[in-house]
Amino acid sequence: MRYMTLVVCVCLGLWTHLAQALTFPLPAPGNDIVGRLQTVESEEGDTLVSIGQRYDIGAYEMWQSNPQLDREELNPGTKVLIPSQFILPPVRKGLVVNLAELRLYYFPPHRNIVVTFPIGVGYQGWNTPRMTTRVTRKQADPEWRPTKAIRAEAAAAGDPWPSVVPPGPNNPLGAYALYLAVPQVLIHGTPRSDTVGRRSSHGCVRLFAQDIEYLFNTVPVGTPVHMIYLQDKIGRLNGRLYLESEVPFPEFNDDGDLKKRIISAARGRADRINWDKVDEVADTRLGVPERIE
């Protein structure tokens, strides 16, 4: 198997609690990887998306890490990889949104843990901006005021929105919202769980219902928010170097010269890098940490 993993075959019914937020202790100094990969067997009626939702993994993550499997239909007993291992982003304070990864990380203050969630972000033409901002307020049962541009787009598609959408099951913000210092960009829930883990919004960040509820009850007003785009993450585990590559957004610039970044991360040990493996990881882009040293 190409992945660095502790493979665990488990019955899905025993692991349904993982649908709650994925919480990990921060790695020891000098290490950057949390979690572990798992292999499970599908049940009758499962799809990659439905399995991912039970493990708090987004749609693209499941498709990306299981490229050999059909996206719409699985035979019972099919072995499915759960990509629940992550190289942490270089920024590790407050809320960190890695757009390329379609994933949010929360580093609670004064606690040695990280909590991570799949997210939906803006699709092409409605990109979620890269920026540093902060949480300015929180709102339960928010009303939604779509912009003129959003209303015009919806009207042109024959499905117009009113100027104000009240709280309720049809509100695109779901039950909770975190408002940021940048207007019109929120972190919120959604009544459509199938849109989490995809490029599906008009620029906001959307989460599963249980995940936004956790953030609403946990994240203080004033928490910094870092929205970054990092499609190739490099990190260490037990002295070895790993690479995790995501499928790039076509309209975004890449992270710069990957080879130079790897040589810098190798700390004078570039002669130990398996460059053939680097090329394989960057080509297949399975979205999981793979050893390159």
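Structure data summary
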{"quantity": "Ascending count of other beta-carbon atoms within 10 Å, so fewest first, for 190, 39", "calculated": "39, 190"}
{"quantity": "Restricting segment 60-99 to GluC sites (Glu not before Pro) in coil, as DSSP defines it, with at most 16 other Cβ within 10 Å", "calculated": "72, 73"}
{"quantity": "For the chain, built as a Gaussian network whose Cα springs stay under 10 Å, the top-fluctuating residue of 58, 122, 189", "calculated": "122"}
{"quantity": "Calculated FRET value between residue 184 and residue 72, using beta carbons and R₀ = 22 Å, to 0.05", "calculated": "0.05"}
{"quantity": "Residue order, fewest to most surrounding Cβ atoms within 10 angstrom, among 226, 110", "calculated": "110, 226"}
{"quantity": "Gained length - residue 253 relative to residue 271, 0.36 nm times residue gap less alpha-carbon distance", "calculated": "3.6 nm"}
{"quantity": "Listed residues 216, 24, 86, most fluctuating in the chain (Gaussian network, C-alpha, under 10 Å)", "calculated": "24"}
{"quantity": "Estimated 222 nm signal from helices in the chain, with DSSP H stretches of n ≥ 4 weighted -39500 (n - 2.57), rounded to 500", "calculated": "-5000 deg cm²/dmol"}
{"quantity": "Choice from 207, 81, 99 showing the highest fluctuation, given a GNM over the chain with Cα pairs closer than 10 Å", "calculated": "81"}
{"quantity": "FRET efficiency for residue 44 and residue 124, using Cβ-Cβ distance with R0 set to 41 Å, rounded to 0.05", "calculated": "0.70"}
{"quantity": "Alpha-carbon centroid distance for the pair segment 138-175 / segment 189-210, whole angstrom", "calculated": "14"}
{"quantity": "Packing-based exposure ordering (other Cβ within 10 Å, fewest first) of 237, 178, 26", "calculated": "26, 237, 178"}
{"quantity": "Loop-resident sites, segment 225-285, for GluC sites (Glu not before Pro), counting at most 12 other Cβ within 10 Å (DSSP)", "calculated": "251"}
{"quantity": "Relative contact order (%) - criterion: Cα under 8 Å, at least six apart; region: the chain", "calculated": "20"}
{"quantity": "Helix 275-284 vs. the chain, principal-axis angle (Cα, 0 to 90°, nearest 10)", "calculated": "30"}
{"quantity": "Rounded to whole Hz, the Karplus (6.51, -1.76, 1.60) HN-Hα couplings of segment 210-223, x for glycine and proline", "calculated": "5, 6, 5, 5, 4, 5, 4, 7, 10, 7, x, 4, x, 4"}
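Read-outs throughout are calculated quantities, based only on the coordinates presented, and are distinct from any laboratory measurement. Nothing here was measured: the structure is a model prediction, and the numbers come from that model. Cβ atoms come from the backbone with ideal geometry, glycine included; neighbour counts cover every protein chain shown.
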